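In what follows, a single structure is set out as structure tokens and then discussed.
The values are calculated or read from the model by the stated rules, or taken from the named source; none is laboratory data. No experiment lies behind these values; they were computed from the predicted model shown. As a convention, Cβ positions derive from the backbone with ideal geometry for all residues, glycine included, and neighbour counts pool all protein chains shown.
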Amino acid sequence: MPTAVEVALLHWPRDQESRSQLAQAMLPRLLLVPPDERPPKPSDELEDWIRLPADERDVAARIRALSERAERSFEATVVVEGGCLRRGSTTLPLSPTEVRFASALVEHPGHLVSRHELTYNIWSGEAPSAKALDDLAYRLRKRLAPIGLDLVSSRGRGFALHVLSPVHAGMIE
């Protein structure tokens, strides 16, 4: 059965640089450790190791487990990079004001961010109009819904970003 998220196979310690790059990119990796080498401590939940020689079934089981962990992690992870918001493998281009709005919410996932803080982050002080924040929230809410994110308003207080399950997000594959 093919895995949904590709797992990199790396030879330890030869591929240390690749290991660091993949870890920084939050990508799953399985380290193949020679019998006489001490294995490294996994740097995060997307890394595992197996000592060689290893049974193919054991390697396949580790790959499958890493792939499943990566898939769950990608579904829940929301990152704003440059002019885009990324959830898992889905990337959504955003306007500069949407990027500033989303960035403030992603810093505090699931928690209310005050209207004052959002206004300051987006416009460095005062909003261009009294309805500017609400209009921006309305547009951003519509853009985020298809990728399983919900922009929740607390009337007069602020906004919070919630990650919906894949079923609610229409993300079933």
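The rows are residues; the columns are (1) modelled with pLDDT under 85; (2) in contact with a helix residue (DSSP H, G or I) (Cβ under 9 Å, 6 or more places away or on another chain).
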residue	(1), (2)
98	no, yes
102	no, yes
108	yes, no
113	no, yes
116	no, no
136	no, yes
158	no, yes
163	yes, yes
167	yes, no
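Screening the candidates 43, 73 for the property of being in a loop (DSSP other than H, G, I, E, B), over 29 Å from residue 133 (Cα atoms), hydroxyl-bearing (Ser, Thr, Tyr) and at pLDDT below 90 yields one hit, 43.
Let's see how each residue does on (1) under 24 Å from residue 5 (Cβ atoms); (2) free of Cβ contacts under 8 Å to residues at least 12 places away in the same chain:
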site: 70; (1), (2): yes, no
site: 81; (1), (2): yes, yes
site: 86; (1), (2): yes, yes
site: 98; (1), (2): no, no
site: 106; (1), (2): yes, no
site: 111; (1), (2): no, no
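Out of the residues in the range 5-56 that are under 20 Å from residue 70 (Cα atoms), exposed (fewer than 12 other Cβ atoms within 10 Å of the Cβ) and not acidic (Asp, Glu), state the one that is nearest to the chain's Cα centre (by Cα). It comes out as 25.
Answer yes or no: is there a residue in the range 137-155 that is of a type in the set (Asp, Glu), farther than 30 Å from residue 42 by Cα and assigned to a helix (DSSP H, G or I). Within the range 137-155, none of the residues are of a type in the set (Asp, Glu), farther than 30 Å from residue 42 by Cα and assigned to a helix (DSSP H, G or I).
Using the structure shown, decide if residue 60 is in contact with a strand residue (DSSP E or B) (Cβ under 8 Å, 6 or more places away or on another chain), under 30 Å from residue 87 (Cβ atoms) and either exposed (fewer than 12 other Cβ atoms within 10 Å of the Cβ) or not assigned by TED's automatic domain parsing to the domain that holds residue 87 (or both). Reasoning before the result, please.
Values: in contact with a strand residue (DSSP E or B) (Cβ under 8 Å, 6 or more places away or on another chain): no; under 30 Å from residue 87 (Cβ atoms): yes; either exposed (fewer than 12 other Cβ atoms within 10 Å of the Cβ) or not assigned by TED's automatic domain parsing to the domain that holds residue 87 (or both): yes.
For residue 60, the condition - in contact with a strand residue (DSSP E or B) (Cβ under 8 Å, 6 or more places away or on another chain), under 30 Å from residue 87 (Cβ atoms) and either exposed (fewer than 12 other Cβ atoms within 10 Å of the Cβ) or not assigned by TED's automatic domain parsing to the domain that holds residue 87 (or both) - is not met.
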